[in-house]
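A short worksheet on the structure shown next.
The values are calculated or read from the model by the stated rules, or taken from the named source; none is laboratory data. Note that the coordinates shown come from a computational prediction; the quantities given were computed from them, not determined experimentally. So basically every Cβ, Gly included, is an ideal-geometry build from the backbone, and we count neighbours across all protein chains shown.
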Amino acid sequence: MTEVLGDFIRALRSADVRVSTSESIDAGRVVGLVGLDDRMTLRDALAQVLAKSEDEKAAFEETFDAFFAFDQFKSRPPAANDDRADAAGNAEAEGGEGEDGSPQQSGSPSAPGSGGMGGEPGEGEPAPATDLASLLERGDQAELQMALAEGARQAQLNRIRLFTQRGMFTRRIMELMGLDGLNEEIERRERDGNVSGAERLAGAREGLRAQVRDYVEKQLEIFTANSGRQLREEVLAQVRLSNIDRSDMKIMRELVRKMAKRLIALHSRRKKVSRRGVLDIRRTIRANIEYDGLMFHTVWKRTKIDRPKVMAVCDVSGSVAQVARFLLMFLYSLQEVLPGVRSFAFSGRLGETTSLFEREKLEDALVETLREHGGGSTDYGQAFMDFEEIALDDIDHRTTVLILGDARSNYGDPRGDILKKIHARARRVVWLNPEPRTMWNSGDSEMRKLQPYCDKAVTCTSLKDLERVVSELLRSAV
C-alpha cells in the first residue's frame, strides 16, 4: 500500500493540494489504523490529515474518487466459448470452486498506477502466456483489474506526463498483462481451425486494448491535472515583468502569493542551534568549574537570525510602473515574515504608502498608490529630499533600504548626497534596476552617480529576480 499511497499523494500535489513530508507520514499511519475495507472511512480519515482548506478538501475528494475508481471492466462481457462459459457458470454456482475443486481467489483491485500484488507474475515480467486469454474468456473483472494495476505499476504509469505517451504506455501495459501469450493463443486457434474461437478472442483483445487506453488516459488526467497551468506559471516567473500581459494578471497575483508563502516557510522561524555547531569554550569552562574542569556539560554557540527592517522606495512613473506594481505586490504579501516593512512610492513627490497597505486590500492599495503617486515626471532628487524628511531619522544599523527604479531623472540632479547619508546610516542599500546593465548609464540614467552609495545594484526584471533578492534579505544574520 506504500506505493499506492505515494502515487495518491503525488496526484494530490498535481491537483494543488499541498502535502508535506510529515503529512505523508501521518497519512501512512492513518491507513494502518483504519485499513482499506471501508472506502468512505478511508477517504474521510485521509482528508483529515491531507486537506487543510475548503478548496483543498474539494480537490481531495475529486482526486480520491478519480484515483480509487475501479470501473474499467464492469461493462465487459466474457469472451468465452460455450463450453468454458458453462464451466465457469457451474463453478460460480458451486461456491466459486475451480477445476481442481479449490476456491477461486479473486482479491480486490489495486489502486491506479500501482500494484503491490506480490507473487506471480514476477517483478517486471509479463503474465504467463495463457493467463490473459483465460481471464478474457472467463470475464473475471476483478482479476483483469488486478492484472491491469500490476501492469501499470511495472510500466511506471505514474510517471506519465505527456498526451503523446498514451500509446507507448498502453502497449507496454498490454505486454506486461500477457499480450504475447494472447496473440499466440489466437494464432494457435487459427491453425487448429477454430476460427470462431480465434475471432472471439481477437475481439476481446481489441476491447481490452480500448479499456487499457481509457485507463491510461484517466491516469494522465490525474497526474497532469494542472501541468499546463504550472508550465504557464514557470514561464511567467521568468519573463520580463514589463512584458506581462493584463490577461495574465490573475495568474501573476497567485504566483506572487505562492512565492511569498515559500519565503515565509523558509525564513519565518528563528534558527537556534544549541546542541550542535560551534563549541562555546568560555561558557563550557564556566559550566564545569565544579567538576575541576572535566567537560561533563558542553555549551554550544547559538545562532540567531534577526529579521531586517525594510524600507522600500518604488519609482512608479510610467517607465517602471509595471515592475513597481509587482514589487509592491510582493512586499504586501510578505508582511507576515517582514513585519517592519515600510513602503514609499514616487514619480515626482514621494509619499509613504505603509498605512494604505495595512488597511486596504491588495488591489485597492495598488490602484490608489499608482493613482496618487504615479504618472508624473520622474524626479529622483525631489524623491530623495522627501524621503530624507520623512524617514531618514528612522534608519538605523538594522535597516535595509530597497530602491526600485531605472534612475532616469530627466536630467535633473538625483541628489546622490542624500543617498550617501542613507547609506551611512543604513545596514545596506540595495538598488533593483529593471533595465539591462548595458542601459544603466545611457541618456538621462544617473546610475553612475547613485551606484557608489549602494551595497548592491542588480538588474531585476522578473519575479524570480525579486524572489532571489528578498530571500537574500531574509537570510541576513546579525
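Figures for the structure shown
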{"read-out": "Qualifying residue in the range 413-431 (condition: in contact with a Cys (Cβ under 9 Å, 6 or more places away or on another chain) and in contact (Cβ under 8 Å) with a residue 40 or more places away in the chain)", "value": "yes"}
{"read-out": "Hits in the range 349-364 - residues which are in a helix (DSSP H, G or I) and surrounded by 17 or more Cβ atoms within 10 Å (Cβ to Cβ)", "value": "Leu356, Phe357"}
{"read-out": "Condition check for Asp248: under 30 Å from Glu363 (Cβ atoms), modelled with pLDDT of 65 or more and outside the structural domain of Val323 (by TED's automatic domain parsing)", "value": "yes"}
{"read-out": "Complete set of residues in the range 3-57 that are out of contact with any Ser or Thr (no Cβ under 9 Å at 6 or more places or on another chain), closer than 23 Å to Gly151 by Cα and hydroxyl-bearing (Ser, Thr, Tyr)", "value": "none"}
{"read-out": "Matching residues in the range 365-393 - criterion: being more than 19 Å from Pro414 (Cα to Cα) and either out of contact with any Leu (no Cβ under 9 Å at 6 or more places or on another chain) or buried (at least 17 other Cβ atoms within 10 Å of the Cβ) (or both)", "value": "Ala365, Leu366, Val367, Thr369, Leu370, Arg371, Asp393"}
{"read-out": "Residue match in the range 18-37 (condition: in contact with a helix residue (DSSP H, G or I) (Cβ under 7 Å, 6 or more places away or on another chain), modelled with pLDDT under 80, β-branched (Val, Ile, Thr) and not in a helix (DSSP H, G or I))", "value": "no"}
{"read-out": "Output for the range 117-136, where each listed residue is modelled with pLDDT under 50 and farther than 18 Å from Val4 by Cβ", "value": "Glu120, Pro121, Gly122, Gly124, Glu125, Pro126, Ala127, Pro128, Ala129, Thr130"}
{"read-out": "Matching residues, the range 422-448, being crowded, with 18+ Cβ neighbours inside 10 Å and part of a strand (DSSP E or B)", "value": "Val429, Val430, Trp431, Leu432, Asn433, Ser445"}
{"read-out": "Answer residue from the range 25-63, given it is of a type in the set (Ser, Thr, Tyr) and surrounded by fewer than 16 Cβ atoms within 10 Å (Cβ to Cβ) and is nearest to the chain's Cα centre (by Cα) among those", "value": "Ser53"}
{"read-out": "Residue satisfying all of: in the range 153-177; among the hydrophobic types (A, V, I, L, M, F, W, C) and at pLDDT 85 or above; surrounded by the fewest Cβ atoms within 10 Å (Cβ to Cβ) among these", "value": "Met168"}
{"read-out": "Filter result (surrounded by 15 or more Cβ atoms within 10 Å (Cβ to Cβ) and within 26 Å of Arg153 (Cβ to Cβ)) within the range 178-191", "value": "Gly178, Leu179, Gly181, Leu182, Asn183, Glu185"}
{"read-out": "Residues of the range 137-165 classified as farther than 22 Å from Val4 by Cβ and among the basic types (Lys, Arg), total", "value": "1"}
{"read-out": "Contacts under 9 angstrom Cβ, first residue in the range 378-389 being of a type in the set (A, V, I, L, M), partner part of a helix (DSSP H, G or I), 6 or more apart", "value": "Met385/Ile418"}
{"read-out": "Which listed residue is more than 26 Å from Phe67 (Cα to Cα), in contact with a strand residue (DSSP E or B) (Cβ under 7 Å, 6 or more places away or on another chain) and either of a type outside the set (Gly, Ala, Ser) or modelled with pLDDT under 65 (or both), from Val239, Val273, Val235", "value": "Val273"}
{"read-out": "Among residues of the range 278-316, those that are within 30 Å of Gln382 (Cα to Cα), at pLDDT 80 or above and assigned to a loop (DSSP other than H, G, I, E, B), counted", "value": "1"}
{"read-out": "Contacts under 8 angstrom Cβ, first residue in the range 169-180 being under 15 Å from Ala133 (Cα atoms), partner among the polar types (S, T, N, Q) and part of a helix (DSSP H, G or I), 6 or more apart", "value": "Leu176/Gln154"}
{"read-out": "Some residue of the range 137-152 being part of a loop (DSSP other than H, G, I, E, B), modelled with pLDDT under 85 and either out of contact with any His (no Cβ under 6 Å at 6 or more places or on another chain) or surrounded by fewer than 18 Cβ atoms within 10 Å (Cβ to Cβ) (or both)", "value": "yes"}
